[in-house]
Amino acid sequence: MRAADLFDCFERHLLNLDILAEGNELFVVKVVEDYILNLSGLGFTMGAQAEDIYLEIQGEVTSMLQKKIYGFYSVDTYREHMREFGPDTGPDFDSDPSSQEY
């Protein structure tokens, strides 16, 4: 079994466009649980720090989600956009605004 990093778990779940209704909170919980299950399957144990680790990962995933779906109301509206327009059609924050013609 290959160790999936947190971003892999996040992206895999986010781009599962078959999920039609899932709020942001449920999305975060599912990603955190998938990630922890992946780590557990590789022999990692959380021990007495399990709750702290869970909360830390939860905060990280929440931050990742906010950044990834910026400009969309929720993960559902983000996925709706992806189903309609495809994965390469989000806002282009990397382009140089001074080079654009208006």
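The values are calculated or read from the model by the stated rules, or taken from the named source; none is laboratory data. On a predicted model such as this, the values are computed, not experimentally measured, just so you know. Every residue, glycine among them, receives a Cβ derived from its backbone with ideal geometry; neighbour counts consider all protein chains shown.
So for region 11-32 (the condition being of a type outside the set (A, V, I, L, M) and over 17 Å from R79 (Cβ atoms)), does at least one residue qualify?
no
Identify, please: which residue in region 14-49 is assigned to a helix (DSSP H, G or I) and of a type in the set (D, E, K, R) and is, among those, nearest to K68 (Cα to Cα)? Walk me through it before giving the result.
Quick first cut of region 14-49, residues assigned to a helix (DSSP H, G or I) only: 14, 24-41, 47-49.
Going one step further and asking which of them are of a type in the set (D, E, K, R), we end up with 25, 30, 33-34.
Numbers: E25: 15, K30: 17, E33: 19, D34: 19 Å.
So the residue we want is E25.
For region 13-58, which positions are of a type in the set (V, I, T) and surrounded by 12 or more Cβ atoms within 10 Å (Cβ to Cβ)?
Selection gives I19, V28, V29, V31, V32, I36, I53, I57.
Would you confirm whether or not region 52-68 contains a residue that is farther than 18 Å from F27 by Cα and modelled with pLDDT of 90 or more?
Checking region 52-68: at least one residue is farther than 18 Å from F27 by Cα and modelled with pLDDT of 90 or more.
Please verify whether L6 is closer than 16 Å to T77 by Cβ, of a type in the set (A, V, I, L, M, F, W, C), surrounded by 15 or more Cβ atoms within 10 Å (Cβ to Cβ) and touching a residue at least 24 places away in the same chain (Cβ under 8 Å), treating the condition exactly as stated.
no
Can you work out which of the residues in region 59-79 that are assigned to a helix (DSSP H, G or I) and surrounded by fewer than 17 Cβ atoms within 10 Å (Cβ to Cβ) is farthest from the chain's Cα centre (by Cα)?
Restricting to residues being assigned to a helix (DSSP H, G or I) and surrounded by fewer than 17 Cβ atoms within 10 Å (Cβ to Cβ), the top hit is T77.
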